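Read the structure below first, then the notes.
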Amino acid sequence: MATTTAVARFFAGRDFTVASNTAIAGLRVEATDGPFTTGSGDLLRGPTLSLVMGMAGRAAACEDLEGDGAAVLRARLRSGRSAN
């Protein structure tokens with residue numbers, strides 16, 4: 001879990017290889033299985049690995065996510081807004 005949390009923090013903090021920070025801009029992201037939390041706004045909640053995969057642009061991971069922020073992330077991934 002510590003490794004996945006570290007990756008989540010890295011992705012949330014910057015757009016590097018993928019536009020992960022952009023994908024979650026304006027969202028409150030909370031892991032249900034670990035200590036990871038970041039941001040403010042509509043809630044995006046789920047397992048840490050699913051949050052990481054969603055931030056990485058993997059739309060299938062959104063199936064494991066909940067909260068109003070989940071719909072926001074899905075829409076961003078569909079529109080390509082989070083892509084580099």
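Values quoted throughout were computed directly from the atomic coordinates according to the rules given, and no laboratory measurement underlies them. Please read these numbers as outputs of a predicted model, since none were measured by experiment. Note: ideal-geometry Cβ built from the backbone for every residue, glycine included; neighbour counts use all protein chains shown.
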Phi-based couplings in Hz for the range 12-24 (Karplus 6.51, -1.76, 1.60; Gly and Pro marked x): 5, x, 6, 8, 10, 6, 10, 7, 5, 5, 5, 4, 10
Overall form of the range 27-72 per C-alpha gyration tensor (a/c, 1.5; a/b vs b/c): oblate
The chain - charge dipole about Cα centre, Lys and Arg +1 at Cβ, Asp and Glu -1, debye rounded to 20: 300
Antiparallel bridge percentage (DSSP; both residues within the chain; nearest 5): 40
Mean residue ellipticity (222 nm) of the chain, computed from DSSP H runs ≥ 4 via -39,500 (n - 2.57), nearest 500: -12000 deg cm²/dmol
Gyration tensor (alpha-carbon) shape descriptor, the range 2-79, a/c threshold 1.5: rounded
HN-Hα J in Hz across the range 34-43 - Karplus 6.51, -1.76, 1.60, θ = phi - 60°, x for Gly and Pro: x, x, 5, 8, 6, x, 8, x, 4, 6
Prolate/oblate/rounded call for the range 5-50, Cα gyration tensor, a/c under 1.5 rounded: oblate
